[in-house]
Amino acid sequence: MESMLCLLSPSPTKLYPFKKLTSTSAIKTTFSSLSFASMTSPPQPKTPSTKKRYSSKPTITLSPKTPTTSTSVQETSTPVSLPLKKVLVPIGFGTEEMEAVIIVDVLRRAGAEVIVASVEPELEVEAAGGTRLVADTSISKCANEVFDLVALPGGMPGSARLRDCEVLRQITSKQAEGKRLYGAICAAPAITLLPWGLLRRKQMTGHPAFMDKLPTFWAVASKIQVSGELTTSRGPGTSFEFALSLVDQLFGESVAKEVGQLLLMQADDDTQRKEEYNKVEWSFDHNPRVLLPIANGSEEIEIVAIVDILRRAKVDVVVASIEKSVQILASRGIKIVADKLIGDAAESVYDLIILPGGNAGAERLHKSKVLKKLLQEQYTAGRIYGAICSSPAVLHRQGLLKDKRATAHPSVVTNLNNVSNGAKVVIDGKLITSKGLSTVTDFALAIVSKLFGHARTRCVAEGLVFDYPRS
């Protein structure tokens, strides 16, 4: 099984540190203890303008495509006007969900108006890992729009579906002709942009599995490659850097730095990946079954990353909505369709229950009587459970962190007891917690490692193009 997974994953490729971006300012961020208000409120334009490409001083208001909440907004810099930036992110059947959602989430945090457009006849699209996303509109309705950026997620057959969409080809070709920004990640540079003739005389990168399809002279094995108006990147594991590079080019380095802080990213990050206490084995004589409850306001990055990574490792993941509908509206306005309702999901037993974060979503998870009963039964039976971002506070309020070491998002971690702030992921027996957002990949891979061991985890990480220890 391990050898098969390794064959499906690309070989390790030398990757350059994020701080060595080509042709764009280095995005350097430092960790700060952020309020949840600052985490959920992006630097945002106030008045549209076309005279300046970006301002060096960000201001924070609510994103045009983000659901409003009652959370107060904490300004972290002098308010100034920023031009409104319009971004197109197309999706199709088999699009890589981590890449699509991270691009949308990060750009909306920066204040861009992001339109998610389906190239399929329907707005609902099943992504590469099985997550169902609902687009804002169809691509045909975007044909006459002018965008500051067109960003193509990868994935297969998603990249081929984008390639075969004539409306999208025309939009992206006009983007390149107009010297406006466009970008692609993973398989999309080779499978989508190359046949369209939009890589000519450009340096580019892509997923290691598709590098041999790119022009040898112009292909570069770097996390991010910026060549004029074109930006390319490698895969799900480089999506945060890719999205921040696009923020940098749209709004400037200071906004990119601020958004990076909101995402809990650091340049030259040497934070310990995980700490483990009271070590026990997580082993099963069957394929592990995981429940991921979601709600309106849940953090979409954490939902899709956990599901995508665990399914890559061949875990049986059930996504259950605690709302009246299987469709939920996540914290950054992305619509996600669950596999079933929580009441139906409660009829089964799960080896692991994981709560995604998002302030509003975590509060709704806490109020679900069905989920509360499931969590109490999980704890009493000695089965595995965990949470990320703001949701460890849900476990704390339900008495499930008693005598346990845990971590959480900086905005809620002070409310917990026995906090361990030294690592991105903390495991204590059959409990696993994490800080959130950019730490979600480490969180999901830590689960894979506990369930299956290092070899499978390494293979999954290579497929993501995510830096992971060899031993």
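The values are calculated or read from the model by the stated rules, or taken from the named source; none is laboratory data. These numbers were taken from a predicted model, which means no experiment stands behind them. Virtual Cβ from ideal backbone geometry, glycine too; neighbours counted across all protein chains shown. Areas reflect the complete protein model, heavy atoms only, side chains present, ligands, DNA and RNA absent. Shrake-Rupley method; radii C 1.70, N 1.55, O 1.52, S 1.80 Å.
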Legend entry - Set Lys202/Lys335; Lys367/Lys430; Lys279/Lys324; Lys86/Lys202; Lys279/Lys340 screened for pairs whose C-alpha atoms are more than 30 Å apart: Lys202/Lys335; Lys279/Lys324; Lys279/Lys340
Inset, instruction - Starting from the Cα gyration tensor of the stretch 109-247, take the square roots of the eigenvalues, sort them a ≥ b ≥ c, and report rounded, prolate or oblate (rounded when a/c is under 1.5, otherwise prolate if a/b is larger than b/c, else oblate). - result: rounded
Legend entry - Accessible-area composition of the stretch 291-339, carbon plus sulfur, in percent [1.4 Å probe]: 49
Inset, instruction - Please sort 86-94, 217-225 by packing, taking for each peptide the average over its residues of neighbouring beta carbons within 10 angstrom, highest first. - result: 86-94, 217-225
Inset, instruction - Pop out the carbon and sulfur fraction of the accessible area of the stretch 364-417 as a percent, whole number, probe 1.4 Å. - result: 45
Inset, instruction - Tabulate in residue order the Karplus-calculated ³J(HN,Hα) for the stretch 151-157, using 6.51 cos²θ - 1.76 cosθ + 1.60 with θ = phi - 60°, rounded to whole Hz; enter x for Gly and Pro. - result: 10, 9, x, x, x, 10, x
Inset, instruction - Just subtract the alpha-carbon distance of Ser140 and Thr414 from 0.36 nm times their residue separation and send over the number in nm, one decimal. - result: 93.8 nm
Inset, instruction - Using packing as a proxy for protection, rank 115-123, 327-335 so that the peptide with the highest average count of other Cβ atoms within 10 Å comes first. - result: 327-335, 115-123
Inset, instruction - Starting from the stretch 274-339, pick out the GluC sites (Glu not before Pro) whose DSSP state is loop and whose Cβ has at most 10 other Cβ atoms within 10 Å. - result: Glu281
Inset, instruction - Would you mind working out the accessible area per residue for the stretch 87-199, using a 1.4 Å probe, and quoting it in Å²? - result: 30
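List the trypsin sites (Lys or Arg not before Pro) within the stretch 116-187 that fall in a DSSP loop (any state other than H, G, I, E or B) and whose Cβ has at most 12 other Cβ atoms within 10 Å. Walk me through the numbers on the way to the answer.
Values: sites: Arg132, Lys141, Arg161, Arg163, Arg169, Lys174, Lys179, Arg180; in loops: Lys179, Arg180.
Sparse-neighbourhood loop trypsin sites (Lys or Arg not before Pro): Lys179.
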Inset, instruction - Would you mind classifying the stretch 187-317 by shape? Square roots of the alpha carbon gyration tensor eigenvalues, ordered a ≥ b ≥ c; an a/c under 1.5 is rounded, otherwise it is prolate if a/b is larger than b/c and oblate if not. - result: prolate
Inset, instruction - Could you check how many percent of all C-alpha pairs in the stretch 265-364 are farther apart than 16 Å? - result: 62
Legend entry - Relative packing of 105-111, 347-353, which averages over residues the other C-beta atoms within 10 Å, highest first: 105-111, 347-353
Legend entry - Surface accessible to a 1.4 Å probe, per residue, for the residues of the stretch 327-386, Å²: 41
